[in-house]
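Let me begin by presenting the structure, written as structure tokens, before commenting on it.
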Amino acid sequence: SFPHIEPADLGDGASLQVVASTSIVGDVVRQVAGSAATVDVLMRRGQNPHAYEPTPREMARVEDSYLAFVNGLDLEESLMESIEDVAGSYVVPVSAGITVLGGGDEPDHEHGDDHDDDGHDHEHAGGDPHFWFDPTNVITWTENIAEALGEADPSNRSTYEANRDAYIAELEALDLEIRQQISSIPRARRKLVVDHVALTYFADEYGFEIIGEVIPAATDQTEPSARHIASLTEIMREQDTGAIFIGGTAGRGLRNLVDSVADEVGRDIQIVELLTGSLAPEGSSGDSYLEFVRFNTEQIVSALTR
């Protein structure tokens, strides 16, 4: 839920200090904040939010900030445990108010090498936390961020609201662009096999069917059972699927699993890399949220129209 935020006590000329959990959340916060607030992003680009453990120095940055913007729905498991121990920051889940999809079955998995050594069982029982795959959800993020910044820093509220409106216009244009691009994929081919439960919102918004996941969980930090893998390869053979989509932040264990599924299917399967939990490095394709969505849409369209 969205907290009520008291105005910050900012001294003369001081700007509001905020932190954001991931590079994706941070990019959207920066679009709304403009130069009126100072935005610090905790996770460096390329870091997997499911596996991220904050350092004491990063927690000190949280302590120095007035607002901490997070995705919510337990995406940043270890970070949330630490943030809740730090007094002084308001925690703002940017996804507040978005309808959660992809809850339900407990995944049939065994813990593998990829899961955390602390024995935490990383379940997202509440559904799929990857809201940002649908830019219409990021419109809600933008509204939530502008509201939180405006409450914390009322003297700059009109700046935040103007930045919000400009960015929402860009997101609406991006949504139309995606629809245009995917119109080239025949309906019968709009089927996705993914490395873990991550594309629920994209598929729901743009009319794709997710026919299987290598890891049937909303975190990539668990390991599927042999039975699950056998059933996935069977589905891929039946549906004549030609691609598996894997996240750029996937660890070695998950990459090996995806390779073995592709081998098991027994024909030429493309393994197509998508950006998932992080923006691309600065200066490369996908280095802002808008470019992240464009990059992924191009990867999906080119794989499914091949």
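Worth a mention:
- Think of the chain as a dipole: +1 on every Lys or Arg Cβ, -1 on every Asp or Glu Cβ, centred on the Cα centre; then among Val62, Gly26, Ser183, Ser183 lies furthest on the positive end.
- Heavy-atom accessible area for Ser260, with the other protein chains in place and a 1.4 Å probe, reaches approximately 50 Å².
- Amide H contacts under 5 Å for Val92: Ala68, Phe69, Val70, restricted to partners 5 or more places along the chain or on a different chain, H placed in the peptide plane at 1.01 Å from N.
- Shown here for the stretch 243-273: trypsin sites (Lys or Arg not before Pro) in loop regions (DSSP other than H, G, I, E, B) with at most 14 other Cβ atoms within 10 Å, namely Arg267.
- Arg45 accessible area, assembled protein chains, probe 1.4 Å, Å²: 80 Å²
- Take the Cα of Glu53, step 7 Å toward its Cβ, do the same at Asp85, and the gap between the two points is 1.2 nm.
- Across the stretch 280-292, coupling constants 3J(HN,Hα) worked out from phi with the 6.51/-1.76/1.60 Karplus curve, θ = phi - 60°, read 6, x, 4, x, 10, 4, x, 8, 10, 4, 4, 6, 4 Hz, and Gly and Pro carry x.
- Taking Glu273, Glu53, Glu238 in turn, the Gaussian network model of the chain (Cα-Cα springs below 10 Å) assigns the largest fluctuation to Glu238.
- Correct choice for percent of Cα pairs over 32 Å apart that was computed from the model, options (1) 39; (2) 27; (3) 23: (2)
- ³J(HN,Hα) computed for each position of the stretch 253-270 - Karplus, 6.51 cos²θ - 1.76 cosθ + 1.60, integer Hz, glycine/proline x: x, 5, 4, 4, 4, 4, 4, 6, 5, 4, 5, 5, 4, x, 8, 6, 9, 6
- Highest GNM mean-square fluctuation among Asp27, Asp12, Asp74, for the chain modelled with Cα contacts below 10 Å: Asp12.
- Protein heavy-atom accessible surface, 1.4 Å probe, per residue over the chain: 43 Å².
- Per-residue [θ]222 nm for the chain (sum of -39500 (n - 2.57) over DSSP H runs n ≥ 4, rounded to 500): -13000 deg cm²/dmol
- Taking Asp40, Asp220, Asp165 in turn, the Gaussian network model of the chain (Cα-Cα springs below 10 Å) assigns the largest fluctuation to Asp165.
- Inter-part distance where the stretch 231-306 and the stretch 146-205 are each reduced to a Cα centre, Å: 20 Å
- Prolate/oblate/rounded call for the stretch 174-306, Cα gyration tensor, a/c under 1.5 rounded: oblate
The values are calculated or read from the model by the stated rules, or taken from the named source; none is laboratory data. Just so we're clear, the structure is a prediction, and the values are computed from it rather than from any experiment. Cβ: placed from backbone, ideal geometry, glycine included. Neighbour counts: every protein chain shown. These area figures cover heavy atoms from the full protein model, side chains too; ligands, DNA and RNA do not enter into them. Shrake-Rupley method; radii C 1.70, N 1.55, O 1.52, S 1.80 Å.
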